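For reference, the structure discussed in these notes is given below.
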Amino acid sequence: MAYFDREDIEKLSLLKTEPYWVTSVFLSTDKSLQSKKEIALNFKNLIAEGRNRLSSLEINKEIFSSLESDLENISQHVSLQLNSQHHPGLALFSCSAKGIFTTYNLPHPPRNRLVFDPNPYVRPLIAILERYHRILTLVLSRREAKWYKVFMGEASVVESLSSDVPGKVREGGWEGYESKRIERHIEAHVHDHLKKVSQRTFELFKKNKFDWLFLACEDKLLTDFEPLLHTYLKERLKGRIKAKIADTIEKIKKETIDLEIKLKKEEEDQTVQRFIAELEAGGNVVAGLKETLRQLNNNNVQLLLVTHNFSRNGRFCPACQLLFLEEKECPSCQKPTKEASDIVDEALGLAMLRNCPVRQITPPSKLDRYGKIGAFLHYKS
Ligand SMILES: [Zn+2]
């Protein structure tokens, strides 16, 4: 079963609920991190805190009672669901007055949070989506090929192909010229098969917008196959897994995900190393929350690095959309700032708003020693 996709996020973002508001809830249900009891308690606290916040909101009676029903419905739904929940996370969106109630299982635990807003709060879904690549895994033999799609920890067969390639020459069956001729004839069939497979792989890529290509085949076959790949595919061929045509989908899925995790970790390590090298050389980077917020405010961030699930409270100016650690008064408009329960999350939102790329780094990493957050800058300041 698929979790959710970019289209789901777009659909949510386009929901029309005016004048009513939407309640968005994210809950970590990862049983490897916490007991069932703890999950239930965390959820209870989240709803209780939500009720508190609701009573202090300056909104009219209709909006208020819609949000109140949201809390009731969400509370009921989650209580029933928790025991049988096998996914590490849960997201819920509700607008009772409009009859909207949508839930998603998440492949990765989110931060627990409850948000009341005129719009659905989809930022955590985007962050989760960014953790995963759309992978096409091709298992290839001399006469067969099978394509698998692996995304967000789920795998499915895309299609398979079987070509008419004659068997190998039996040893001692033929000799000399005749044997060589037959061998060449077979190799021509294999070549045609590989060409067909490479063509089909390219079509599947164009159609499904995959990010990465993984390949399972013998070394010898790779030597013949790789030159046949379109340049576009050569760039996206990220690695090889050990698998055969006859292997189960479970095996393909495991090998693919293991390689995805390894590549992602390598990519993160490289980014962090590049960051630290720049920092030590006095280059165009800043480290730590205070400096990073300042550069975000100045619109001077090229790439934001943040430790996954790093969180801290802070302050923001709603009028200027500026973020601060401590400032009680906005230095730009002199109006009082408001408290933000998670300023790191606000920073991610601001980055997203400005189309500034974000790399979430899985802890522990060397970024932890540099304040868990930092940025590559456009220009030195
Ligand atoms: Zn301001």
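The values are calculated or read from the model by the stated rules, or taken from the named source; none is laboratory data. Computed from a prediction, not measured in an experiment: that's the story for all the values here. Cβ placement follows ideal geometry from the backbone for every residue including glycine, while neighbour counts extend to all protein chains displayed.
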Legend entry - Single unsatisfied condition, A319 versus (1) more than 29 Å from E280 (Cα to Cα); (2) in contact with a Ser or Thr (Cβ under 7 Å, 6 or more places away or on another chain); (3) of a type in the set (A, V, I, L, M, F, W, C): (2)
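So, S365, is that one touching a residue at least 60 places away in the same chain (Cβ under 8 Å) and over 28 Å from the mean Cα position of the chain (by Cα) or not? Even if it seems obvious, please write down each step before you answer.
Working: touching a residue at least 60 places away in the same chain (Cβ under 8 Å): yes; over 28 Å from the mean Cα position of the chain (by Cα): no.
No; evaluated as a whole, the condition is false for this residue.
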Inset, instruction - State whether the residues of segment 281-295 include one that is farther than 23 Å from V115 by Cα, more than 16 Å from the ligand (Cβ to nearest atom) and out of contact with any strand residue (DSSP E or B) (no Cβ under 9 Å at 6 or more places or on another chain). - result: yes
Inset, instruction - Can you give me the number of residues within segment 78-88 that are crowded, with 22+ Cβ neighbours inside 10 Å and at pLDDT below 95? - result: 0
Legend entry - Given (1) in contact (Cβ under 8 Å) with a residue 24 or more places away in the chain; (2) within 20 Å of L161 (Cα to Cα); (3) within 25 Å of the chain's Cα centre (by Cα), index of the condition K244 fails: (3)
Inset, instruction - Look through F214, F151 and report the one residue that is farther than 30 Å from S94 by Cα, in contact (Cβ under 8 Å) with a residue 12 or more places away in the chain and buried (at least 20 other Cβ atoms within 10 Å of the Cβ). - result: F214
Legend entry - Residue satisfying all of: in segment 18-43; surrounded by fewer than 17 Cβ atoms within 10 Å (Cβ to Cβ) and within 21 Å of P120 (Cα to Cα); modelled with the lowest pLDDT among these: E18
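A quick yes/no check of all residues on (1) surrounded by fewer than 18 Cβ atoms within 10 Å (Cβ to Cβ); (2) assigned by TED's automatic domain parsing to the domain that holds L237; (3) within 16 Å of the ligand (Cβ to nearest atom); (4) in contact (Cβ under 8 Å) with a residue 24 or more places away in the chain:
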residue: L259; (1), (2), (3), (4): no, yes, no, yes
residue: I276; (1), (2), (3), (4): yes, no, no, yes
residue: N299; (1), (2), (3), (4): yes, no, yes, yes
residue: Q302; (1), (2), (3), (4): yes, no, no, yes
residue: P336; (1), (2), (3), (4): yes, no, yes, no
Legend entry - Test set (1) more than 16 Å from the ligand (Cβ to nearest atom); (2) surrounded by 15 or more Cβ atoms within 10 Å (Cβ to Cβ); (3) more than 22 Å from G283 (Cβ to Cβ) - T307 fails condition number: (3)
Legend entry - Candidates E260, E268, E250, filtered to the one that is assigned to a helix (DSSP H, G or I), farther than 18 Å from E130 by Cβ, among the acidic types (D, E) and out of contact with any helix residue (DSSP H, G or I) (no Cβ under 8 Å at 6 or more places or on another chain): E250
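Counting only residues that are within 30 Å of S156 (Cβ to Cβ) and free of Cβ contacts under 8 Å to residues at least 12 places away in the same chain, give me the helices (runs of 4 or more DSSP H) lying completely in segment 1-90 with at least 1 of them.
Working: elements: 6-13, 36-55, 61-81.
Qualifying helices (runs of 4 or more DSSP H): 6-13, 61-81.
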Inset, instruction - State which residue pairs qualify: first residue surrounded by 20 or more Cβ atoms within 10 Å (Cβ to Cβ) and inside segment 92-107, second residue part of a helix (DSSP H, G or I) and modelled with pLDDT of 95 or more in any location, beta carbons under 6 Å apart, and separation of 6 or more residues or different chains. - result: L92/I74; S94/D70; S94/N73; S94/I74; S96/S66; S96/S69; S96/D70
Inset, instruction - State whether the residues of segment 272-285 include one that is over 25 Å from the mean Cα position of the chain (by Cα), closer than 20 Å to I343 by Cβ and in a loop (DSSP other than H, G, I, E, B). - result: no
Inset, instruction - Could you tell me whether any residue of segment 340-355 is free of Cβ contacts under 8 Å to residues at least 40 places away in the same chain, within 15 Å of the ligand (Cβ to nearest atom) and touching an Asp or Glu at 6+ places or on another chain (Cβ under 6 Å)? - result: yes
Legend entry - C317, sole failed condition from (1) over 30 Å from S28 (Cα atoms); (2) surrounded by 16 or more Cβ atoms within 10 Å (Cβ to Cβ): (1)
Inset, instruction - Tell me which of these S75 doesn't satisfy, since it passes every other one: (1) exposed (fewer than 15 other Cβ atoms within 10 Å of the Cβ); (2) over 24 Å from the mean Cα position of the chain (by Cα). - result: (1)
